[in-house]
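Okay, so here's the structure we're looking at.
The values are calculated or read from the model by the stated rules, or taken from the named source; none is laboratory data. Predicted model only: the values in this text are computed from it and were never measured. No Cβ is skipped: glycine too gets one built from the backbone with ideal geometry, and neighbour counts run over all protein chains shown. These area figures cover heavy atoms from the full protein model, side chains too; ligands, DNA and RNA do not enter into them. Shrake-Rupley method; radii C 1.70, N 1.55, O 1.52, S 1.80 Å.
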Amino acid sequence: MAIKSITATINGQAVTLTLNSATGKYEAQVNAPAGSSFNLSGGYYPVLLRAEDTAGNVTTADSSHSTLGESLRLFVKEKVKPIITILAPSAGAYVTSGTPEIKFKVTDNSVQTSGYSGVKKESCVLKIGSSAVDVSKITWEETEGGFIGTYVPGLAIADGDHTITIDIQDNDGNSADTASCTFKVDTVAPSLVVTAPTEGLETNKSELTVVGSTDDVTSKPVSISVKLNGKDCGEVEVGSDGSFSKVITLDQQGENVIVITATDKAGKTTTVTRKVTYNTTAPVIKSVVITPNPVDAGNLYKIVVEVE
């Protein structure tokens, strides 16, 4: 009997094959499904083949066929690469912990709405500098279209600049563009030396100059603030060598509290407090007694003065 028709059905689409007279075989050019087969049962699109002769006899075969089954399994790979977004630390950030939380998002459906293969978490390569971290230490949280990965170093990393790089693939082997971010670790507060005024200073002058120096190896420049009795005294200029001076005016008789604070770019602070007594009230002499008076020449006498 002659063959009447041969059809192949893939993903609900039926295609009629035509005879190639040169080879004696039936064939067709078919557009592959738009989506990846990775997440389908078995990871493939099953193909149903139907052959009918002119007498009406029909033979079918599909992916479960004992001999032809493997040949009737269509594996389709998507070509859209996943996207990595670093959530923390941000580029240029100053981090005050030696074990900063590194958080990033990976999605695989930014273009497609379905048929994407999904993120292959185990393919992730996260490096701090040139050292790759143990991928098993990354925790994953499912999110729309992918995952959020979080990693916290088990050992503190040194103060200074660090660059993280992240690479990952989807389940069809598409590699995301490498994501990178440079940040600075600063775990040490700035130094602060206040040379004037000295603690416990007593003065009758309202104008006073606060003098000192500051430094920070990792996060220069350092800013200085001066507060008098809880009130900010305004901008303080800090020299390139870290030196500073600020003229302030004591605003109350008696004890005045001056708080000097150094803040580096990471937000770490060092504070020095000085207490200064401002007194413009002259002493009052209440009484003077000299005894004996008169006194013989060359002899001792006592003078007693009462002051308040």
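Please enumerate the residues belonging to the range 78-104 that are surrounded by fewer than 18 Cβ atoms within 10 Å (Cβ to Cβ) and part of a strand (DSSP E or B).
Across the range 78-104, the qualifying residues are T85, L87, A88, Y94, K103.
Quick one: in the range 1-37, which of the residues that are polar (S, T, N, Q) and over 19 Å from L74 (Cα atoms) is nearest to the chain's Cα centre (by Cα)? Step through it out loud before you land on a result.
Initially, the range 1-37 is screened for residues polar (S, T, N, Q), giving 5, 7, 9, 11, 13, 16, 18, 20-21, 23, 29, 31, 36-37.
Then drop every residue that is not over 19 Å from L74 (Cα atoms), which leaves 5, 18, 20-21, 23.
Working: S5: 63, T18: 60, N20: 61, S21: 65, T23: 63 Å.
Among residues in the range 1-37 that are polar (S, T, N, Q) and over 19 Å from L74 (Cα atoms), the one nearest to the chain's Cα centre (by Cα) is T18.
Does the range 235-257 hold any residues that are closer than 22 Å to A282 by Cα, open to solvent by 20 Å² or more (accessible area, probe 1.4 Å) and outside any strand (DSSP E or B), and which are they? Walk me through it before giving the result.
Applying the first criterion (closer than 22 Å to A282 by Cα) to the range 235-257 yields 249-256.
Now restrict to residues that are open to solvent by 20 Å² or more (accessible area, probe 1.4 Å): 249, 251-255.
Selection gives D251, Q252, Q253.
Just the residues that are touching a strand residue (DSSP E or B) at 6+ places or on another chain (Cβ under 7 Å), open to solvent by less than 50 Å² (accessible area, probe 1.4 Å) and under 30 Å from E78 (Cβ atoms), please, taken from the range 168-196.
Hits for the range 168-196 are I168, D170, N171, A176, A179, C181.
Determine which single condition S287 fails, assuming it passes every other condition in (1) touching a strand residue (DSSP E or B) at 6+ places or on another chain (Cβ under 6 Å); (2) free of Cβ contacts under 8 Å to residues at least 24 places away in the same chain; (3) surrounded by 11 or more Cβ atoms within 10 Å (Cβ to Cβ).
Single failed check for S287: (3).
Only one of (1) of a type outside the set (G, A, S); (2) at pLDDT below 95; (3) under 19 Å from the mean Cα position of the chain (by Cα) fails for V80. Which number is that?
Every condition holds for V80 apart from (3).
Is it the case that some residue within the range 147-155 is touching a Cys at 6+ places or on another chain (Cβ under 9 Å) and more than 20 Å from G98 (Cβ to Cβ)? Explain how you work it out, then say what you get.
Start the filter on the range 147-155 by keeping residues that are touching a Cys at 6+ places or on another chain (Cβ under 9 Å), which leaves 149.
Right, trim to more than 20 Å from G98 (Cβ to Cβ) and you get 149.
Yes, the range 147-155 has at least one match.
Residue-by-condition table, conditions (1) hydroxyl-bearing (S, T, Y); (2) within 25 Å of N174 (Cα to Cα):
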residue	(1), (2)
A34	no, yes
F38	no, yes
G42	no, yes
R50	no, no
T54	yes, no
N57	no, no
A61	no, no
S66	yes, no
G69	no, no
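Go through the range 258-269 and give me each residue that's touching a Pro at 6+ places or on another chain (Cβ under 9 Å) and not in a loop (DSSP other than H, G, I, E, B).
Answer for the range 258-269, where residues must be touching a Pro at 6+ places or on another chain (Cβ under 9 Å) and not in a loop (DSSP other than H, G, I, E, B): I258, A262, T263, T269.
Answer yes or no as to whether T218 is in contact (Cβ under 8 Å) with a residue 40 or more places away in the chain, over 30 Å from G92 (Cα atoms) and not in a strand (DSSP E or B). Don't jump to the end; show me each part of the working.
Values: in contact (Cβ under 8 Å) with a residue 40 or more places away in the chain: yes; over 30 Å from G92 (Cα atoms): no; not in a strand (DSSP E or B): yes.
No, not satisfied.
With hydrophobic (A, V, I, L, M, F, W, C), farther than 30 Å from A158 by Cβ and in contact (Cβ under 8 Å) with a residue 12 or more places away in the chain as the only criterion, which of A196, A297, A282, A262 stands out?
Details: A297 fails: in contact (Cβ under 8 Å) with a residue 12 or more places away in the chain; A282 fails: in contact (Cβ under 8 Å) with a residue 12 or more places away in the chain; A262 fails: farther than 30 Å from A158 by Cβ.
After applying the criteria, what remains is A196.
Which one of S225, S219 is over 30 Å from K79 (Cβ atoms) and at pLDDT 95 or above?
On the way: S219 fails: at pLDDT 95 or above.
Just one listed residue meets the conditions, S225.
Are any residues in the range 214-227 within 9 Å of V238 (Cβ to Cβ) and either touching a Cys at 6+ places or on another chain (Cβ under 6 Å) or not β-branched (V, I, T) (or both), and if so, which ones?
Kept after step one, since they are within 9 Å of V238 (Cβ to Cβ), are these residues of the range 214-227: 214, 221-224.
Listed by number, the residues that qualify are P221, S223.
Answer yes or no as to whether D232 is at negative phi, more than 29 Å from the chain's Cα centre (by Cα), at pLDDT below 95 and open to solvent by 30 Å² or more (accessible area, probe 1.4 Å).
Working: at negative phi: yes; more than 29 Å from the chain's Cα centre (by Cα): yes; at pLDDT below 95: no; open to solvent by 30 Å² or more (accessible area, probe 1.4 Å): yes.
Criteria not met by D232.
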